[in-house]
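See below for the structure under consideration.
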Amino acid sequence: MEIRFLVLNEFSVLCDVLILSKKEKEMLVIKLAEEGKSTRQIAEAVHISLKDIGTIKRRYTGEEESIEKNNSLSINSKAFKLFKENKNLVDVAITLNMDAHEVLDLHTDYLRLSNKNNLMSIYFEMGNEIHLIEHLYRELKLHGLDNEYDISNILQKEENLKNLDNDLYETAGEIGRLNSLKMQLKKEIAELMEMLGHCKSVMEEKGQETIL
């Protein structure tokens with residue numbers, strides 16, 4: 001008797017589900033999902049496919065709209081979206097199945113549209129030495145100098161060092177000139193001392209002759 005009751009009850013529930021409209025079934029799917037039921041449990045209760053349940057849930061969360069919107073984007077828009085998400089060029093090329101030159105061209109356009117064309121100009125100007133920019137930035141950040149004020153101070157001090165180098169060069173030249181003058185004066189003093197010695201000898205000789 002109890003088994004018969006359960007069967008009849010299950011049949012009644014099944015009949016109730018089957019006569020539900022499409023909209024009512026969707027609402028029931030959402031209700032069961034919010035109650036924490038798994039997709040398989042919902043499928044057994046509502047008697048619709050797992051795929052349809054997934055579609056209903058995505059539509060409810062807005063995920064399906066996002067997917068449809070993304071699929072409707074042009075290849076250029078998809079690339080710009082990936083660049084905006086900070087994806088690197090290799091990832092963009094792989095994701096969109098694009099050639100390297102196409103990705104580079106689109107990335108250049110993206111930078112221009114993002115008012116970053118100055119950065120791109122620096123990139124092309126430096127070529128293979130672009131890694132120096134990264135090295136400089138990481139060194140500045142490591143020492144807590146990655147701000148406009150400290151960078152300006154560093155450049156000012158570097159200019160002062162240049163001026164100091166010029167001052168040292170001029171001072172070294174002046175020291176060399178003075179050393180040369182010193183040697184010349186020493187030579188002249190030695191010559192004068194020699195002359196003085198000679199004069200003294202002459203005067204002593206004449207003094208002796210006078211005495212005689």
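Is it the case that residue 123 is without any contact (Cβ under 8 Å) to a residue 60 or more places away in the chain and closer than 30 Å to residue 76 by Cβ? It is true that residue 123 is without any contact (Cβ under 8 Å) to a residue 60 or more places away in the chain and closer than 30 Å to residue 76 by Cβ. Against the list (1) of a type outside the set (D, E, K, R); (2) at pLDDT below 80; (3) in a helix (DSSP H, G or I); (4) surrounded by 10 or more Cβ atoms within 10 Å (Cβ to Cβ), the condition residue 73 fails is (3).
The values are calculated or read from the model by the stated rules, or taken from the named source; none is laboratory data. Computed from a prediction, not measured in an experiment: that's the story for all the values here. Using ideal geometry, Cβ is built from the backbone for each residue, glycine included, and neighbour counts are taken over all protein chains shown.
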